[in-house]
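First up is the structure itself, then whatever we jot down about it.
The values are calculated or read from the model by the stated rules, or taken from the named source; none is laboratory data. On a predicted model such as this, the values are computed, not experimentally measured, just so you know. We place every Cβ from the backbone using ideal geometry, glycine too, and count neighbours over all the protein chains shown.
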Amino acid sequence: MSRPSLLLITADAALAILSVAVGYCLRFGGASSFSELVEPGGLRLLIIAAVVIVSGFFCELYSRGQRFSATDLAARLAVVMMVSLLVLSAIYYLVPMVMIGRGLLSLALMLCGVMQFALRRGLHALGGLPGFSQRVLVLGVGPLAEVIEATINLSRGRYVLAGFVQPASDIMTVSEDRVVGHVKEIARLVQQQRASHLVVAVTERRGVLPVKELLVCKLNGTEVLDSPSFYERLSGKLLIENIQPSWFIYSNGFRITLLKRLYKRFLDILFSLTGLFLALPLFPLVALLVRIDSPGPVLFRQIRVGEKGREFAILKFRTMRQDAESLTGAVWSQRNDPRITRIGGMLRKTRLDELPQLFNVLKAEMSFIGPRPERPEFVEQLTERIPYYNKRHFVKPGLTGWAQICYPYGASEEDALEKLRYDLFYIKNYSFLLDLFIVLETVKVVLYGRGGR
């Protein structure tokens, strides 16, 4: 999850608590007895804040890069508050000791919605002012500099391009009128352009980087980054084509320690058992539908490549005709694929076809979260054509993952490259919070029926 989203979640939690306090004062004419509401241990306020945040999450208030019109934002916040009211009412029915009065709850949620609306519209207005965007000066004028410019344009105003600096040697492909000067005067250009970030995006860096000048810029308070690090920060993926092996070695991350493996295995068992407990009643129904819809086995086994290149048989409910690849061999699945059965299309859309993979997770062949396992035939091709593709096999493949929630269904080598960017980002930045975010986003993907093919 991006830093702006985390800050927004923190602000919303504070607003939810503040709205209860303000609502209490308005309803009862003062805060003399408010301390009684805070007991036991602030649990009442924390529950309200948590419910409001989770409701906002499923209404996509914290999605990366989202910007809503005033009308759309007001509608979403109204839904958030109504859902919060229903969920909190159910919690109060089950656990009366954490209840606050219905009148106070309704007033507090109304105030919370108004405050969240004002906060977001205020941030939107501030984001449009020149002084509130972070200015980026790019050292480079070639194709790599163009990639950085496109990435900046996707930041929706958080970053703006201050200009390009001509290095000692680089093929110019950017617009010449955006070049603000030469590398020899880079320290002065940073001050002149009021740049808070200096991104090094030179195609050939050996022997041409002005190390002394860059150090001066850094000591003067400018954040100096290489292009892969800046690209990663803004996009949530890695710039694979322009990464040297040394970048993997010296960059932060890519350390899956024994402790991380242990608690990840614990979470795998917990999530898979919970999933099986909730989904097991669906298994007979899905099996019956698959059997009625088309001849062939209910379960489909297919060889996939797992951790450290080990192969295993993945389990799925069958969604294609039994003879789907008898003539063609292994081929990518396409949109409106004629091999997919009627029930298979529904299963893929709802991801119910992947439920049997929970058994693969229990057997430690897969993790609950990780890169999706690919077929050996495709792995061999992709390893030859895409740099660092085999690095995704340093962790267990997953039932869901960062690439699955950030990118639609992949069905080509171009898609495989794009998903690899996200997979390597996940391996580099693996953490419990990232896993928790992916689980919540996966629930949202399933509920909204996104990405299935």
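Are any of the residues in region 349-368 assigned by TED's automatic domain parsing to the domain that holds L436, out of contact with any strand residue (DSSP E or B) (no Cβ under 9 Å at 6 or more places or on another chain) and assigned to a loop (DSSP other than H, G, I, E, B)? Yes, because at least one residue in region 349-368 is assigned by TED's automatic domain parsing to the domain that holds L436, out of contact with any strand residue (DSSP E or B) (no Cβ under 9 Å at 6 or more places or on another chain) and assigned to a loop (DSSP other than H, G, I, E, B). Residue-level analysis places I100 among those that are closer than 30 Å to L45 by Cα, outside the structural domain of C217 (by TED's automatic domain parsing) and in a loop (DSSP other than H, G, I, E, B). If you go through region 288-314 and pick out every residue that is surrounded by 16 or more Cβ atoms within 10 Å (Cβ to Cβ) and not in a loop (DSSP other than H, G, I, E, B), you end up with 9. In the set (1) surrounded by 13 or more Cβ atoms within 10 Å (Cβ to Cβ); (2) at pLDDT 85 or above, Y62 fails one condition alone, (2). The single condition from (1) of a type in the set (S, T, Y); (2) over 30 Å from the mean Cα position of the chain (by Cα); (3) within 25 Å of D415 (Cα to Cα) that T173 fails is (3).
Taking region 52-75 as the range and being closer than 15 Å to I9 by Cβ and more than 18 Å from the chain's Cα centre (by Cα) as the test, only V52 passes. Candidates are the residues of region 345-363 that are of a type outside the set (D, E) and in contact with a helix residue (DSSP H, G or I) (Cβ under 7 Å, 6 or more places away or on another chain); the one that is modelled with the lowest pLDDT is T350. Residues that are without any contact (Cβ under 8 Å) to a residue 24 or more places away in the chain, surrounded by fewer than 13 Cβ atoms within 10 Å (Cβ to Cβ) and either among the basic types (K, R) or outside any loop (DSSP other than H, G, I, E, B) (or both) do occur in region 225-246.
Note on region 135-186: among residues that are touching a residue at least 60 places away in the same chain (Cβ under 8 Å), in a helix (DSSP H, G or I) and not hydrophobic (A, V, I, L, M, F, W, C), the one that is surrounded by the most Cβ atoms within 10 Å (Cβ to Cβ) is T151.
In region 373-406, of all residues being within 15 Å of the chain's Cα centre (by Cα) and touching a residue at least 40 places away in the same chain (Cβ under 8 Å), the one that is nearest to L447 (Cα to Cα) corresponds to I405.
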